[in-house]
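Q: The structure that follows is given in the form of structure tokens.
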Amino acid sequence: MATFSATDLNTKSRHMGGHGNAVVVHGSVTPAAGASGDAYRPVRIPAGVDVTDVDIINSDMDSGATPTIACKIGYEPVNAADGPAADDNYFAAAGNTLLRSAGRTALAFQPVKFEKDVFLTVTLSASAATFASGPVTAIVKGDGIGVK
């Protein structure tokens, strides 16, 4: 099992306005493998954001004639001691097939507010038949309402 992180994961600007501004953060990771259990972390979601929209943009990650790659999409804390508890399928349940073909997918979920920074995670729930490396981009939108 391997974890692939965006090269700028911890250095992107994470602006937080003081008056409840709209927030958009995005990031990309280009993984080198596609085995079940591998985790891709394309973006860090800052504390104080009420996340309302997540879009995933990806290339065809399984070039086999009969693609098998599948994933689940969730979040994990930047610092496990600070929380929140990880939920690896909050944004999309296991078995999601969006990585089988290139495209942009909007995820459906109940809005969630984070009190601490978290990583958005794309965890493979099934290996690729024929893995093809390419970018996985996450665009996270929400309201910057601040932490408690």
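Values in this text are rule-based calculations from the coordinates and carry no lab data. If you're wondering where the values come from, they're calculated on a predicted model, not measured in any experiment. So basically every Cβ, Gly included, is an ideal-geometry build from the backbone, and we count neighbours across all protein chains shown.
Q: How would you rank 77-83, 21-27, highest first, on the average number of other Cβ atoms within 10 Å across their residues? Don't jump to the answer; show the numbers that get you there.
A: On the way: 77-83: 11.9, 21-27: 16.3.
Listed from highest to lowest mean packing, they are 21-27, 77-83.
Q: Right, next: For the peptides 60-66, 126-132, what is the packing order when you average, over each peptide's residues, the other Cβ atoms within 10 Å and list the highest mean first?
A: Numbers: 60-66: 15.1, 126-132: 17.9.
Packing order, densest peptide first, comes out as 126-132, 60-66.
Q: What would the Debye equation give as log₁₀ I(q)/I(0) for the chain at q = 0.08, 0.09 Å⁻¹, counting only Cα atoms as equal point scatterers?
A: Relative scattering, expressed as log10 I(q)/I(0), comes to -0.20, -0.26.
Q: Let me ask something else. In what sequence do Val51, Val147 fall when counting other Cβ within 10 Å, fewest first?
A: Values: Val51 23, Val147 12.
In order of increasing Cβ crowding within 10 Å: Val147, Val51.
Q: About its Cα centre, how strong a charge dipole does the chain have in debye, to the nearest 20, once Lys and Arg get +1 and Asp and Glu get -1 at the Cβ? Present the calculation step by step, with values, prior to reporting the outcome.
A: Working: 11 positive and 14 negative charges, 32 e Å.
Roughly 160 debye, rounded to the nearest 20.
Q: Report the rotationally averaged projected area of the stretch 32-77 based on its alpha-carbon convex hull, in square nanometres.
A: On the way: hull surface 17.5 nm².
About 4.4 nm², averaged over all directions.
Q: In addition: Using each residue's phi in the stretch 76-81, evaluate 6.51 cos²θ - 1.76 cosθ + 1.60 at θ = phi - 60° and report the 3J(HN,Hα) Karplus result to the nearest Hz, with x for Gly and Pro.
A: Going residue by residue, I get 9, x, 5, 10, 4, 5 Hz, with x marking Gly and Pro.
Q: Find which of Val78, Thr130, Ala39 sits farthest along the positive direction of the dipole of the chain, computed with +1 on the beta-carbon of Lys and Arg, -1 on that of Asp and Glu, about the Cα centre.
A: With unit charges placed on the Cβ atoms, the residue in question is Val78.
Q: Looking at the stretch 71-118 from every direction and averaging, what is the projected area of its Cα convex hull in nm²? Before the final figure, lay out the partial values.
A: Numbers: hull surface 15.2 nm².
The number I arrive at for the stretch 71-118 is 3.8 nm².
Q: Provide, for the chain, the number of lysine pairs with alpha carbons under 16 Å apart, each pair being eight or more places apart or on different chains. Write down the numbers at each step before the final one.
A: Details: Lys12/Lys141; Lys113/Lys141; Lys113/Lys148; Lys116/Lys148.
Summing the qualifying lysine pairs gives 4.
Q: At a 10 angstrom cut-off on C-beta neighbours, averaged per residue, how do the peptides 100-108, 1-9 rank from highest to lowest?
A: Working: 100-108: 13.2, 1-9: 14.9.
Highest mean packing first, the order is 1-9, 100-108.
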